[in-house]
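S.K.: Would you mind keeping the following structure in view while I ask a few things?
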Amino acid sequence: MSLMDIIQKRYSCRSYKEKEIEKDTLDKIFEAARLAPSAKNLQDWRFVVVTEKETKSRVAACTNRPNIFEKAGAIIVACSNMEYVMKCGQAIGPIDVSIALEHISLQAAELGLGTCWIGSFETEKVRELLAIPNNVSIIELMALGYPAEPGKPNTRLAIEEILCFNQWKF
Ligand SMILES: Cc1cc2nc3c(=O)[nH]c(=O)nc-3n(C[C@H](O)[C@H](O)[C@H](O)COP(=O)(O)O)c2cc1C
């Protein structure tokens, strides 16, 4: 499968089989995260992978789709420690963590697993449940698991709506 095949295959999976994810599959997926680029190579990402049924169900209850995400084999809680802001004014945490999460999502797609980014969650409840210290930012959650049914491709803007050359022309 080419990279473009995997990119086209990925979609937000909102229907999961209640099936455990094998350790070697998780290892491959997190190796893809480990190899992601990051500002100053600080690798300021930390992942709490919630697989235990009861805890997963409690984390899922903090999201906008509890009944869907609790069935996924894992919920990844992606965190960042640092407040470092680049010269351009952007904080590195959300950017670096997001790159690593997309590596996860694409590697998962290649292996036949589905993912769904979850930005709609109650941060402080997740923090308390997983004993995440106050100085750590919880950037995003991601559901990871075996799809229960084939996914529907989502729509995108046309290329000319998002791309111009040499000068702002939108
Ligand atoms: C940063 C981010 C946050 C998102 N948060 C949620 C969420 O809380 N719940 C959800 O069901 N989908 C969430 N999504 C999935 C988007 O709705 C989805 O990526 C978008 O509709 C495009 O569809 P596709 O991923 O199937 O191509 C999120 C996606 C991103 C990138």
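The values are calculated or read from the model by the stated rules, or taken from the named source; none is laboratory data. In this text the structure is predicted, and so the values were computed from the model without any measurement. Neighbour counts run over all protein chains shown; Cβ positions are idealised from the backbone, glycine included. With ligands, DNA and RNA removed, areas are computed over all heavy atoms of the protein, side chains included. Shrake-Rupley method; radii C 1.70, N 1.55, O 1.52, S 1.80 Å.
S.K.: Please report the carbon-and-sulfur percent of the accessible area for the range 38-109; probe 1.4 Å, protein heavy atoms only, DNA, RNA and ligands left out.
M.R.: On the way: 1770 of 3440 Å².
So the carbon and sulfur contribution to the accessible surface is 52 percent.
S.K.: Just the Cα atoms of the range 23-85: what Rg and Dmax do they give in Å?
M.R.: Final numbers for Rg and Dmax: 13.9, 39 Å.
S.K.: Let me ask another. Which three extents, in whole angstrom, do the alpha-carbon atoms of the chain cover along their principal axes, largest first?
M.R.: Principal-axis extents of the chain (Cα, largest first): 53, 39, 29 Å.
S.K.: Just to verify a number: FRET efficiency for R65 and K169, C-beta to C-beta distance, R0 = 25 Å, to 0.05?
M.R.: Working: r = 38 Å, r/R0 = 1.53.
Result of the calculation: an efficiency of 0.05.
S.K.: Roughly what would the spin-label model give for I99 and A148, points 7 Å off Cα along C-beta, in nm?
M.R.: 3.6
S.K.: Using a probe radius of 1.4 Å on heavy atoms only, what accessible surface per residue do you get for the chain? Whole Å² is fine. Before the final figure, lay out the partial values.
M.R.: Numbers: 10310 Å² over 170 residues.
Result: 61 Å² per residue.
S.K.: Note down the nm distance, to one decimal, between modelled labels 7 Å out along Cα→Cβ at N134 and at A158.
M.R.: According to this spin-label approximation, the distance is 5.3 nm.
S.K.: Test of understanding: what is the full-extension gain from D5 to K23, defined as 0.36 nm times their sequence separation minus their Cα-Cα distance? Numbers along the way, then the final one.
M.R.: Values: separation 18, 0.36 × 18 = 6.48 nm, distance 2.50 nm.
Stretched out fully, the D5 to K23 stretch lengthens by 4.0 nm.
S.K.: Hey, what number do you get for the chain at 222 nm if only DSSP H runs of n ≥ 4 count, each worth -39500 (n - 2.57), divided across all residues, to the nearest 500? Walk me through the numbers before you get to the answer.
M.R.: On the way: 7 runs with 62 residues, N = 170.
Using -39500 (n - 2.57) per qualifying helix, the result is -10000 deg cm²/dmol.
S.K.: Could I ask something else about it? I need the peptides 81-88, 47-54 ranked by packing, meaning the mean over residues of other C-beta atoms within 10 angstrom, with the highest value on top. Write out the running numbers ahead of the final one.
M.R.: Working: 81-88: 11.0, 47-54: 15.6.
Ranking the peptides 81-88, 47-54 by packing returns 47-54, 81-88.
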